[in-house]
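The values are calculated or read from the model by the stated rules, or taken from the named source; none is laboratory data. These figures come from a predicted structure and were not determined experimentally. As a convention, Cβ positions derive from the backbone with ideal geometry for all residues, glycine included, and neighbour counts pool all protein chains shown.
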Amino acid sequence: MNNNTLHPVAIQLPDEPAKTLVLFDFDGTLTNSDSLGRYLSFSLGYMRFFLGLPVVLLRFFYLLVFNKWGNGVAKQQLMTTYFKGKTKFEMETMGKAFIPSQRISLLNPTVLGWLRAYRDAGCRVAVVSASFDVWLQPFCSSEQIELICTRLEFKNDRFTGQYATPNCNYDEKANRIRAAFTLENYTNIIAYGNSKGDHAMFELTTEAWKTDRKGIFERYK
């Protein structure tokens, strides 16, 4: 990565937008903070969150003792503790309300502006995230873009506590991108991310940018 190359405030749109695929990570890239924690506080409230915390800590202790810890597994345990058995309607209703209620403090307006600029220019745009479909799908639908993410499993209209897809991070991001798009059809593939979990996605691109916590993008590729 060239540490001296920062992303300009005004992006330069590609000459062939119809042959350009643009991929955005969500947490820490399109947002100023992790969306899962914000979703838990929004949907549960502090009292319900703290009442469930002993169960969460016991589940985390089990993962650590038996060497099963991983971000994807830890997130699953959180969702299982607080939401298992909820109906799909309940989960989708909370998801639809979440981002609009947090929009000003959660979303990075500069990066959201880039996303919209690419979309409006005619590029194919997608969010690629390890976060969950219950709040990402309403956001992507409202922005008229595509979504690749970790999806929750529902059976008999209720959340099972399991994932319907593998956790969409690291190599899984690249796997899901390859499955969703015929990459050979694109002259330009551009990605924006903020962590090691995005590196496999970056390797599929012709251009990649990585942000720090101050929201400054540096050229990765």
Confirm whether Val55 is β-branched (Val, Ile, Thr), part of a helix (DSSP H, G or I), under 21 Å from Arg158 (Cα atoms) and in contact with a Ser or Thr (Cβ under 9 Å, 6 or more places away or on another chain). yes
For residues that are within 23 Å of Trp209 (Cβ to Cβ) and within 14 Å of the chain's Cα centre (by Cα), tally how many sit in the range 151-191. 9
Give the residues of the range 20-44 that are aromatic (Phe, Trp, Tyr) and farther than 21 Å from Val111 by Cα, sorted by residue number. Phe42
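Of the residues Phe61, Phe89, which is over 21 Å from Asn169 (Cα atoms), loosely packed, with under 12 Cβ neighbours inside 10 Å, among the aromatic types (Phe, Trp, Tyr) and at pLDDT below 85? Outline the logic, then answer.
Numbers: Phe89 fails: at pLDDT below 85.
Checking each option against the conditions leaves just Phe61.
For the range 179-217, name all the residues that are surrounded by fewer than 16 Cβ atoms within 10 Å (Cβ to Cβ) and more than 12 Å from Leu21 (Cα to Cα). Working first, answer last.
Step one: of the range 179-217, the residues surrounded by fewer than 16 Cβ atoms within 10 Å (Cβ to Cβ) are 179-180, 182-185, 187, 195-196, 203, 206, 212-216.
Matches in the range 179-217: Ala179, Ser195, Lys196, Glu203, Asp212, Arg213, Lys214, Gly215, Ile216.
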Over the range 20-52, the set of residues of a type outside the set (Asp, Glu), within 27 Å of Ile216 (Cα to Cα) and not in a strand (DSSP E or B) is Phe26, Gly28, Thr29, Leu30, Asn32, Ser33, Ser35, Leu36, Gly37, Arg38, Tyr39
Given the condition over 19 Å from Val22 (Cα atoms) and not aromatic (Phe, Trp, Tyr), answer yes or no: does some residue in the range 106-124 qualify? yes
